[in-house]
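S.K.: Pasting a structure here, questions to come.
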Amino acid sequence: MGDKFKILAADKLAQEGLDYVRSQPDAELESKPGLTEDELSGIVGQYDGLIVRSGAQVTAKVLANPGRLKAIARAGVGVDNIDLTAATAKGILVMNSAEASTITTAEHAFTLMMALARNIGAAYKTMAQGGWDRQKFQGTQLAGKTLGVIGFGRIGQAVAERALAFGMGVVAYDPFFNAATAMDGRVKMFKKAEDLLPHADILTFHVPLNDQTRGMLNGQTFELCRKGVMVVNASRGGVIDEKALMVALETGRCGGAALDVFETEPLEADSPLRSHPRVLVTPHLGASTVEAQRAVSVDAAASLLTYLRGEGIQGAVNAGGLRVDLDPIQERFVQLTRRMACLMSPMITAGVAQVTFELSGEALASSASMIERVGLVGVLGSHMDVPLNIVNVKHVAEQRGIKLRIVTSEEGKLEGPQLAIEVRGGDQPHRIVGRVYHDMRPRVVEIDGYHMDIVPAGAMLLILNQDMPGMVGLVGTEIGEAQVNIADMAISRRDDTALMVLKVDAPVPESLLNRLRHRPGMLKVITVNLPQENGSHED
Ligand code: NAD
């Protein structure tokens with residue numbers, strides 16, 4: 001029992017999610033919904049992972065002493081109840097399970113659009129009050145109309161597919177979607193929202209809420225829309241300026257709006273949006289289906305355990321653009337990065353001011369964020385007083401004023417990708433260069449200008465010495481006398497110095513290092529213990 005992952009469900013989760021964790025032999029679950037902030041901060045450090053929905057408030061206070069907590073999974077999308085800065089600073093990964101609610105939310109947006117086009121809300125209200133009015137509620141046919149999808153991610157695309165099936169024309173705007181068309185040419189993509197707006201009869205929003213999207217439909221942008229445009233929002237409140245929407249409804253610029261999300265939630269009881277005859281509102285129901293709640297709770301539990309087991313990262317929210325679906329060559333480079341960084345770390349003796357990752361080749365450019373984070377953990381890990389991992393490493397480095405650079409270039413004449421890590425600080429700059437050849441074996445090909453070709457693995461000894469006769473013999477004798485076997489060796493000469501890189505069969509004892517350091521002609525002697533080279537997933 002002792003070494004099982006301890007998981008706390010701090011909100012009421014769908015039973016399937018709880019059952020999933022309980023069915024895993026390496027996990028044990030406690031379900032304690034409804035804890036106060038103080039209660040949660042008192043116990044959170046006893047768990048490896050926390051699963052929440054939107055109720056539990058995971059504040060900076062809760063995360064002040066995180067103990068063994070390594071990850072928080074949100075069963076759902078929004079992470080407004082989790083203090084991401086605090087989690088990042090403490091190296092705690094925050095994940096959401098957005099994928100599981102994609103279809104459900106797309107269906108809700110689509111339902112809102114259909115209901116809006118046919119005045120279902122207002123007609124029902126009249127019927128419920130005993131009325132019968134067939135004139136007032138004449139609607140709009142969807143087939144033949146143009147739907148403008150703002151934000152062409154998971155949900156935006158699912159809505160677009162459905163609209164196409166209904167015979168609608170679809171145009172979309174997403175600054176991060178680099179193609180002129182999508183869905184086999186059936187969706188025209190726009191690079192600027194202003195260019196799309198005049199084309200749409202109905203607009204539907206599927207963007208995150210951030211500084212670029214806040215209030216993106218406002219008084220000015222409404223002016224660019226078709227007169228009578230209908231608006232659907234099942235993304236995040238705040239994307240549409242509600243005051244501007246009320247004005248546009250009054251002037252007829254907007255023909256109707258269907259909203260699932262609001263600037264303030266719950267929507268104020270006296271909000272004019274509740275009673276406007278051409279506004280249809282639902283209380284943030286986008287992801288509220290039995291199927292989605294089941295799926296998000298299982299997804300959250302599964303991604304939490306996947307991360308804790310070290311098997312991968314899914315749905316990371318606070319690990320900045322980390323790409324984890326790496327192909328074999330990228331995976332090899334990530335392993336090489338870790339090894340190169342660990343080799344370099346003990347060479348740094350006078351602080352780190354700047355770390356540069358030079359990535360040559362397309363394969364490396366597209367895994368840059370992972371390489372950067374893994375490399376930084378290796379380079380900085382032993383020099384920092386806080387435990388570093390790929391979640392907090394950039395945050396900690398930036399806090400300490402360490403400049404981080406990624407330089408990408410084409411492979412050029414190199415024939416295959418190449419990675420270089422350069423560290424500048426108080427002493428001379430250090431630079432290490434690595435490659436992965438066709439045999440998929442990772443190689444270090446240069447350290448501080450000394451050229452070599454060595455697979456970095458196992459216990460290694462790096463010896464920088466004056467280039468003078470007898471040094472190899474001297475090193476060999478000392479190592480032999482210490483009963484340490486040499487497995488491989490590379491020597492590289494530059495100016496009047498030489499770098500010996502030795503792979504030895506067992507970790508090098510401190511006494512041997514000290515003896516070597518005191519021999520004449522020795523400039524630097526360091527040792528590093530790397531994982532053995534035994535397959536692609538060894539570390
Ligand atoms: P996603 O990340 O798959 O897609 C978002 C898309 O928006 C991306 O393609 C991104 O490139 C694009 N985008 C980013 N900035 C943009 C900008 N300035 N202009 C235009 N596009 C921009 O996310 P998703 O899973 O499709 O979710 C979309 C939204 O729906 C999110 O805000 C999410 O929180 C919300 N959501 C709401 C509910 C609900 O209950 N109503 C449920 C699930 C998701």
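S.K.: Select the helices (runs of 4 or more DSSP H) contained entirely in the range 1-112, then report the ones holding at least 3 residues which are of a type outside the set (Lys, Arg) and under 25 Å from the mean Cα position of the chain (by Cα).
M.R.: Correct list: 15-22, 84-89.
S.K.: Where in the range 289-390 are the helices (runs of 4 or more DSSP H), entirely inside, with at least 2 residues that are under 17 Å from ALA98 (Cα atoms)?
M.R.: In the range 289-390, 290-308 are the helices (runs of 4 or more DSSP H) which contain 2 or more residues that are under 17 Å from ALA98 (Cα atoms).
S.K.: Taking the range 314-336, which residues are open to solvent by 20 Å² or more (accessible area, probe 1.4 Å) and modelled with pLDDT of 75 or more?
M.R.: Across the range 314-336, the qualifying residues are GLN314, GLY315, ALA316, VAL317, LEU326, ASP327, PRO328, ILE329, GLU331, ARG332.
S.K.: Still on this model: Regarding SER235, is this residue assigned to a helix (DSSP H, G or I) and surrounded by 22 or more Cβ atoms within 10 Å (Cβ to Cβ)?
M.R.: no
Results for (1) within 17 Å of VAL298 (Cβ to Cβ); (2) within 16 Å of the ligand (Cβ to nearest atom); (3) free of Cβ contacts under 8 Å to residues at least 12 places away in the same chain, shown as yes or no for each residue.
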{"residue": "GLN24", "(1), (2), (3)": "yes, no, no"}
{"residue": "ALA27", "(1), (2), (3)": "yes, no, no"}
{"residue": "GLU30", "(1), (2), (3)": "no, no, no"}
{"residue": "LEU40", "(1), (2), (3)": "no, no, no"}
{"residue": "LEU63", "(1), (2), (3)": "no, no, no"}
{"residue": "ARG74", "(1), (2), (3)": "yes, yes, no"}
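S.K.: Hey, another quick one. Restricting to the range 184-215, name every residue that is assigned to a loop (DSSP other than H, G, I, E, B), surrounded by 15 or more Cβ atoms within 10 Å (Cβ to Cβ) and either on the phi > 0 side of the Ramachandran plot or near the ligand (Cβ under 9 Å from one of its atoms) (or both).
M.R.: Result: HIS206, VAL207, LEU209, THR213, GLY215.
S.K.: Going through VAL386, VAL407 one at a time, which residue ends up being closer than 28 Å to LEU499 by Cα and either aliphatic (A, V, I, L, M) or touching a Leu at 6+ places or on another chain (Cβ under 9 Å) (or both)?
M.R.: VAL407
S.K.: Which of the residues that make up the range 144-166 are within 15 Å of the ligand (Cβ to nearest atom), of a type outside the set (Lys, Arg) and open to solvent by 10 Å² or more (accessible area, probe 1.4 Å)?
M.R.: GLY153, ILE155, GLN157, GLU161
S.K.: Being closer than 30 Å to LYS125 by Cα and touching a strand residue (DSSP E or B) at 6+ places or on another chain (Cβ under 8 Å) is the filter here; which residues of the range 277-316 pass it?
M.R.: ARG278, VAL279, LEU280, VAL281, THR282
S.K.: Can you pull out the residues in the range 364-385 that are open to solvent by less than 10 Å² (accessible area, probe 1.4 Å) and either over 20 Å from ARG424 (Cα atoms) or in contact with a Pro (Cβ under 9 Å, 6 or more places away or on another chain) (or both)?
M.R.: Those that are open to solvent by less than 10 Å² (accessible area, probe 1.4 Å) and either over 20 Å from ARG424 (Cα atoms) or in contact with a Pro (Cβ under 9 Å, 6 or more places away or on another chain) (or both): LEU364, SER367.
S.K.: A follow-up question, please. Only one of (1) out of contact with any Ser or Thr (no Cβ under 6 Å at 6 or more places or on another chain); (2) open to solvent by less than 40 Å² (accessible area, probe 1.4 Å) fails for LYS12. Which number is that?
M.R.: Status for LYS12: all satisfied but (2).
S.K.: Also, I was wondering about something else. Taking the criterion of being among the small types (Gly, Ala, Ser), within 16 Å of the ligand (Cβ to nearest atom) and farther than 17 Å from ALA9 by Cβ, would at least one residue in the range 116-134 satisfy it?
M.R.: no
S.K.: Scan the range 238-278 for residues that are within 16 Å of the ligand (Cβ to nearest atom) and outside any helix (DSSP H, G or I) and report the count.
M.R.: Within the range 238-278, residues that are within 16 Å of the ligand (Cβ to nearest atom) and outside any helix (DSSP H, G or I) number 15.
The values are calculated or read from the model by the stated rules, or taken from the named source; none is laboratory data. None of the values given here were measured: they were computed from a predicted structure. Neighbour counts run over all protein chains shown; Cβ positions are idealised from the backbone, glycine included. These area figures cover heavy atoms from the full protein model, side chains too; ligands, DNA and RNA do not enter into them. Shrake-Rupley method; radii C 1.70, N 1.55, O 1.52, S 1.80 Å.
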